[in-house]
1. Is it the case, given these coordinates, that K198 is touching an Asp or Glu at 6+ places or on another chain (Cβ under 9 Å), surrounded by fewer than 17 Cβ atoms within 10 Å (Cβ to Cβ) and among the charged types (D, E, K, R)?
2. Of the residues that sit in region 136-192 and are part of a strand (DSSP E or B) and among the basic types (K, R), which one is nearest to D108 (Cα to Cα)?
3. Kindly indicate whether any position in region 169-179 is within 21 Å of E12 (Cα to Cα), surrounded by 17 or more Cβ atoms within 10 Å (Cβ to Cβ) and not aliphatic (A, V, I, L, M).
4. List the residue pairs whose Cβ atoms are under 8 Å apart, where the first residue sits in region 62-83 and is within 11 Å of R153 (Cα to Cα), the second is among the β-branched types (V, I, T), and the two are 6 or more positions apart or on different chains.
5. Take region 193-245 and flag every residue that is outside any loop (DSSP other than H, G, I, E, B), closer than 16 Å to T133 by Cβ and aromatic (F, W, Y).
6. From the list L93, L79, pick out the single residue that is surrounded by 20 or more Cβ atoms within 10 Å (Cβ to Cβ) and modelled with pLDDT of 95 or more.
Amino acid sequence: MISVIISYSSNEKRFIETLVNECLKFSDNVIISAYTTFFDGEKDKDVLNDICLNKNNKVSITLNDSSEYKTIKDKHNGLRFNAIPIATHDYVLFLDGDEIPNGDLMRDYLSNQAYKQYDALSFRCYWYFREATYQANRFEECGVIVRKSMCTRKFLFHESERWNFTNVTSNYVRNQNQNEEVIMHHFSWVRTKDEMLKKVKAWGHTNDKNWVDLIEQEFSRDFNGVDFVHNYGYNILEKPLFNIK
């Protein structure tokens, strides 16, 4: 098995329970890493404590103080680094709180243990916008498995964050699938208007665009089939793949 480290922020409540349940299909060491106070100043840990109930000690929470980290990027890096000491397996899957694997497909992918020949692996993913049924017609990449022995402070505290594996080893593979089926699903922008506004005020790309104006424009009308983040086109699913609240 592998360990899973989930970086959790207060803007990911709707995903976290489904994410944990999917991870439990292939891991007995799921760690939710959060701060005592979230990036936006909120304190809403009850949802995390509820998730840990009745999981037979397979899910744990690590809470740390973020005050030593000066930038949003380093706060994200710190979430991953703080959980490494309680990861019990030789490989760690780093996920953000809005990245949900298909647990059955991931279990099958890991079952032949071919991943152990690499230092790091990443996964092809579907990307979603506004609603869990709006699936981009282009693939992205999310979810990174890394050999635990590589997970030093120097590795994780980098401008590239977990993607720094491409700089520290040549022994990696990217955009993995399971028999051509996509394992990972990224719900980064599956949010209400208020949730999107909250997201862009407390993340590492705050200054990249005038997000507030883009969000206001987006919700002034129905979805027009193109997102304002990447300008992807979309397929509309008949129903969501996961039970996202």
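1. no
2. Once the filter is applied, the top-ranked residue is R174.
3. No, region 169-179 contains no residue that is within 21 Å of E12 (Cα to Cα), surrounded by 17 or more Cβ atoms within 10 Å (Cβ to Cβ) and not aliphatic (A, V, I, L, M).
4. Final answer for the pair search is R80/I5; N82/T62.
5. Y234
6. L93
The values are calculated or read from the model by the stated rules, or taken from the named source; none is laboratory data. All figures in this text were calculated on a predicted structure; none of them were measured in a lab. Because the Cβ atoms are built from the backbone with ideal geometry, glycine has one as well, and the counts that use them run over all protein chains shown.
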